[in-house]
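A.B. asks: Let me give you the structure first, and then I'll get to my questions.
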Amino acid sequence: MCLLHQKKLVLCFLFLFILLGSYMMRSNKKNTLWPKDLVILNPPSSVTKSVHHTTKSLEEPPKLTKPTIKPAKSSVQEDNSIIQSAKSIAKKDNSIIQPAKDKEVDFFGDKYTTDNDLPQTDCPTSIQKKLHTNLAEKYLANVPVLQWAKHFSISEYERLRHYHGAHGWGSVDLNLLQSSLAILNTSANRLMFDDWERRPNRSKCIRCAVIGNGGILNGSKKGVEIDQNDYVFRTNGAVIKGFEEDVGSRTSFYTFSTNTLRNSLRGYAHLGFKAPPMGKETRYIFLPDHDKDYILMKAAAIHASTETGTEQGVEPKQYFGDDVTVEKLKMYHPDFIRYLRNRFLHSHTLNTKYKNIYRPSTGAVMLLAALHTCDEVNAYGFMTTDYQKYSDHYYDKSFHPVQFFANHDLQMELKLWMQLHKAGLIKLYMRN
C-alpha cells in the first residue's frame, strides 16, 4: 500500500510540473508578441523616417509615380498628420497621405522677391490703372518679370533651391547659376523695353501685340495691324515666312525654353520653322525650366559652344544668328513663373500626381509677362471659346485639333483670357 501511495504521489507531482511548464510557456509567448503589436499600432521610429523622406522629396526631380507611403516621396506632410495616419498605415501600406493645408506654402511658395522700379511710362490708361475686383487681388506689380545679375545671392539661392523646374533654382547647379546670371548685368537684361527711351516719336503708352500660334490666325489678315504695335511678342514654332499677311513680320521678343525650342525645330521644321526669328530689334527671352537654359544663354552671350550638358558642343548662333549680344538676351525670373502659377493659373492639376510637372504654357507666360509690362496688350492666336473650329496652328497644312497635355491647363488659360478681355485688360482677337 505504501508503494502504491508513493507512485500516486509521484504522478501528482509530475502532473503539477507539466501544468506549471505549460503556463510559463504561454506567458513567455505573450510577452514576446506584445511589443510587436505596439510597434504596428504606434510606430515612432517609422514615423520619423517618413518625415525625413518627405522633406527630402522636395529636393528631388519630379516623378510621375504614385505618391504612396512606402516611397514616402509625395508632397509636403505635417508631422501630426502622419501620426494620425499611423493606424491606417498599419492596415494598408499603400494608402496615400494627403498634404496638410498649412504646409502647402512649402510647395507653392507664395512669397516672392520684389523690385521697386517704377513703370517705364506714365500712361494714363495703363493696365495697372484698370485693375479691379478679384484681378487686383491676384496682381502683384513688384514681382520682377526678368532676372538678372543683381538678383543672385546665396540667401536667394537658399530660398529658391527648394523649387524645381521653371519655379525656382532647384534644377540648377550653384556655380552654373552664379556664372550665368553674372553675365546678365546690363539695364537691357533688367528692363523688358530696354530701347524705349531711345525711340523717336514714342507715345505715352507702350502698345504690345502678343502672338500665339493658334489656327484662328489663318486667314485673319491681321498682319499689318500686328506690326503697327510698338512691340511684337512671339513664341516657340513661330512660322512667319509665307504668313506675313495674317501674323505680321516683326518680332521684338521671342519667348522659349531650350526644350520647347528644340521640340519646335523637330516638330515644325516641315511646316517652315527652321530657326527662331532673327532681326535687329529681336530680343530673346529664356523661360528657364532646366539647367540647359542657363548653359545655352551663357554660351550665346560669350559666343561659344555649349560646354556641358546633353547638348554639349551646340553653337548658339544657329538659333540667334552671328550678331547676338548679351544685351539681346533676357530671362524670366522663377518667382514670376511661380507667381503666375499660384495666382493666375492655379489649376486642379496641382491636386493630382502631375503637380510637379505642371506650369503655365510658354504662350501663357509670354502673354502674362506682357500684361505686367505693357500699357496696352493686343492678343492674337490664343484660344477662344470656339477653338474647336480652328486647327491647332495657323501654319498647319491640314486640320489638327487642339491637343491637351497634363503639364498645362489650356482650358483654364482660355477662361483667364476671356476674363481679362471682358475686364478690358487685354484685347483678345476673336473671329466672331
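A.B. asks: Taking the range 317-333 as the search range and keeping residues that are among the aliphatic types (A, V, I, L, M) and not in a helix (DSSP H, G or I), which one is nearest to Leu146 (Cα to Cα)?
C.D. replies: Here is the first cut: in the range 317-333, the ones among the aliphatic types (A, V, I, L, M) are 324, 326, 329, 331.
So of that shortlist, the ones also not in a helix (DSSP H, G or I) come out as 324, 329, 331.
Values: Val324: 19, Leu329: 11, Met331: 6 Å.
Out of the qualifying residues, it is Met331.
A.B. asks: Now for a different question. It is to be established whether one or more residues within the range 192-199 are of a type in the set (Lys, Arg) and surrounded by fewer than 17 Cβ atoms within 10 Å (Cβ to Cβ). I'd like the intermediate steps shown before the answer.
C.D. replies: Keep residues of the range 192-199 that are of a type in the set (Lys, Arg), which gives 198-199.
From what is left, the residues that are surrounded by fewer than 17 Cβ atoms within 10 Å (Cβ to Cβ) are 198-199.
Yes, that holds for at least one residue.
A.B. asks: For Gln77, all conditions in the list (1) modelled with pLDDT under 70; (2) out of contact with any helix residue (DSSP H, G or I) (no Cβ under 9 Å at 6 or more places or on another chain); (3) in a loop (DSSP other than H, G, I, E, B); (4) not small (Gly, Ala, Ser) hold save one; what is the number of the exception?
C.D. replies: Only one criterion in (1) modelled with pLDDT under 70; (2) out of contact with any helix residue (DSSP H, G or I) (no Cβ under 9 Å at 6 or more places or on another chain); (3) in a loop (DSSP other than H, G, I, E, B); (4) not small (Gly, Ala, Ser) is unmet by Gln77, namely (2).
A.B. asks: Looking at the range 304-353, which of its residues are within 18 Å of the chain's Cα centre (by Cα), exposed (fewer than 13 other Cβ atoms within 10 Å of the Cβ) and of a type in the set (Val, Ile, Thr)?
C.D. replies: Thr352
A.B. asks: Residues of the range 106-118 being surrounded by 12 or more Cβ atoms within 10 Å (Cβ to Cβ) and modelled with pLDDT under 85, which ones?
C.D. replies: Asp106
A.B. asks: Give Ser361, Ser391, Ser398 a once-over and let me know the one that is at pLDDT 95 or above, of a type in the set (Ser, Thr, Tyr) and within 30 Å of Lys150 (Cα to Cα).
C.D. replies: Working: Ser391 fails: within 30 Å of Lys150 (Cα to Cα); Ser398 fails: within 30 Å of Lys150 (Cα to Cα).
Only one candidate passes the filter, namely Ser361.
A.B. asks: Only one of Thr133, Thr121 is of a type in the set (Val, Ile, Thr), at pLDDT below 95 and within 20 Å of Leu416 (Cβ to Cβ). Can you tell me which?
C.D. replies: Details: Thr121 fails: within 20 Å of Leu416 (Cβ to Cβ).
Matching residue, one of Thr133, Thr121: Thr133.
A.B. asks: Does Phe405 count as in the same structural domain as Thr121 (by TED's automatic domain parsing) and touching an Asp or Glu at 6+ places or on another chain (Cβ under 9 Å)? Break it down into steps so the answer makes sense when it comes.
C.D. replies: Numbers: in the same structural domain as Thr121 (by TED's automatic domain parsing): yes; touching an Asp or Glu at 6+ places or on another chain (Cβ under 9 Å): no.
Criteria not met by Phe405.
A.B. asks: Before we move on, is Asp392 touching a His at 6+ places or on another chain (Cβ under 7 Å) and surrounded by fewer than 18 Cβ atoms within 10 Å (Cβ to Cβ)? Before you say what the answer is, go through the steps one by one.
C.D. replies: Details: touching a His at 6+ places or on another chain (Cβ under 7 Å): yes; surrounded by fewer than 18 Cβ atoms within 10 Å (Cβ to Cβ): yes.
The answer is yes for Asp392.
A.B. asks: Which residue is surrounded by the fewest Cβ atoms within 10 Å (Cβ to Cβ), if the candidates are limited to the range 354-385 and must be more than 25 Å from Cys205 (Cβ to Cβ) and free of Cβ contacts under 8 Å to residues at least 60 places away in the same chain? Break it down stepwise before answering.
C.D. replies: Of the range 354-385, the ones more than 25 Å from Cys205 (Cβ to Cβ) are 354-362, 383-385.
Narrowing further to those that are free of Cβ contacts under 8 Å to residues at least 60 places away in the same chain: 358, 360-361, 385.
On the way: Tyr358: 22, Pro360: 25, Ser361: 21, Thr385: 12.
Only one residue tops the list, namely Thr385.
A.B. asks: Answer yes or no as to whether Ser179 is assigned by TED's automatic domain parsing to the domain that holds Lys292, part of a loop (DSSP other than H, G, I, E, B), over 21 Å from the mean Cα position of the chain (by Cα) and within 30 Å of Lys280 (Cβ to Cβ). Write out each step before concluding.
C.D. replies: On the way: assigned by TED's automatic domain parsing to the domain that holds Lys292: yes; part of a loop (DSSP other than H, G, I, E, B): no; over 21 Å from the mean Cα position of the chain (by Cα): yes; within 30 Å of Lys280 (Cβ to Cβ): yes.
For Ser179, the condition - assigned by TED's automatic domain parsing to the domain that holds Lys292, part of a loop (DSSP other than H, G, I, E, B), over 21 Å from the mean Cα position of the chain (by Cα) and within 30 Å of Lys280 (Cβ to Cβ) - is not met.
A.B. asks: Identify, from the list Ser264, Ser220, the residue that is touching a Gly at 6+ places or on another chain (Cβ under 9 Å) and part of a loop (DSSP other than H, G, I, E, B).
C.D. replies: Matching residue, one of Ser264, Ser220: Ser220.
A.B. asks: Are any residues in the range 252-273 within 18 Å of Asp396 (Cα to Cα) and charged (D, E, K, R), and if so, which ones?
C.D. replies: Answer for the range 252-273, where residues must be within 18 Å of Asp396 (Cα to Cα) and charged (D, E, K, R): just Arg266.
A.B. asks: Here's something else I'd like to know. If we keep just the residues of the range 143-159 that are touching a helix residue (DSSP H, G or I) at 6+ places or on another chain (Cβ under 6 Å) and surrounded by 21 or more Cβ atoms within 10 Å (Cβ to Cβ), which is farthest from His346 (Cα to Cα)?
C.D. replies: Residue satisfying both the conditions and the ranking: Trp148.
A.B. asks: Before we move on, is Glu413 at pLDDT 95 or above, surrounded by fewer than 23 Cβ atoms within 10 Å (Cβ to Cβ) and touching a Lys or Arg at 6+ places or on another chain (Cβ under 7 Å)? Full working, then the answer.
C.D. replies: On the way: at pLDDT 95 or above: yes; surrounded by fewer than 23 Cβ atoms within 10 Å (Cβ to Cβ): yes; touching a Lys or Arg at 6+ places or on another chain (Cβ under 7 Å): no.
No, not satisfied.
A.B. asks: Regarding Ile285, is this residue assigned to a helix (DSSP H, G or I), assigned by TED's automatic domain parsing to the domain that holds Gly170 and within 18 Å of Gln147 (Cβ to Cβ)?
C.D. replies: On the way: assigned to a helix (DSSP H, G or I): no; assigned by TED's automatic domain parsing to the domain that holds Gly170: yes; within 18 Å of Gln147 (Cβ to Cβ): yes.
The answer is no for Ile285.
A.B. asks: Another question about this same structure. Would you mind finding the one in Ala269, Ala369, Ala379 that is farther than 24 Å from Lys427 by Cα and of a type in the set (A, V, I, L, M)?
C.D. replies: On the way: Ala369 fails: farther than 24 Å from Lys427 by Cα; Ala379 fails: farther than 24 Å from Lys427 by Cα.
Of Ala269, Ala369, Ala379, the one residue that is farther than 24 Å from Lys427 by Cα and of a type in the set (A, V, I, L, M) is Ala269.
A.B. asks: Additional query: List every residue pair whose Cβ atoms lie under 8 Å apart, where the two residues are 6 or more positions apart in sequence or sit on different chains, the first residue falls within the range 217-237 and is in the same structural domain as Phe273 (by TED's automatic domain parsing), and the second residue, located anywhere, is in a loop (DSSP other than H, G, I, E, B) and basic (Lys, Arg).
C.D. replies: What qualifies is Ser220/Arg431; Ile226/Arg250; Asp227/Arg250; Asp230/Arg199; Asp230/Arg202; Val232/Arg250.
A.B. asks: Could you please give the count of residues in the range 137-171 that are more than 19 Å from Val326 (Cβ to Cβ) and in a loop (DSSP other than H, G, I, E, B)? Reasoning before the result, please.
C.D. replies: Filtering the range 137-171 down to residues more than 19 Å from Val326 (Cβ to Cβ) leaves 137-143, 153-171.
Imposing the further condition that a residue be in a loop (DSSP other than H, G, I, E, B) reduces the set to 139-143, 153, 161-164, 168-171.
So the answer is 14.
The values are calculated or read from the model by the stated rules, or taken from the named source; none is laboratory data. Every value quoted in this text rests on a predicted model; they were computed, and no experiment measured them. Glycine also receives a Cβ, built like all others from the backbone with ideal geometry; neighbour counts cover every protein chain displayed.
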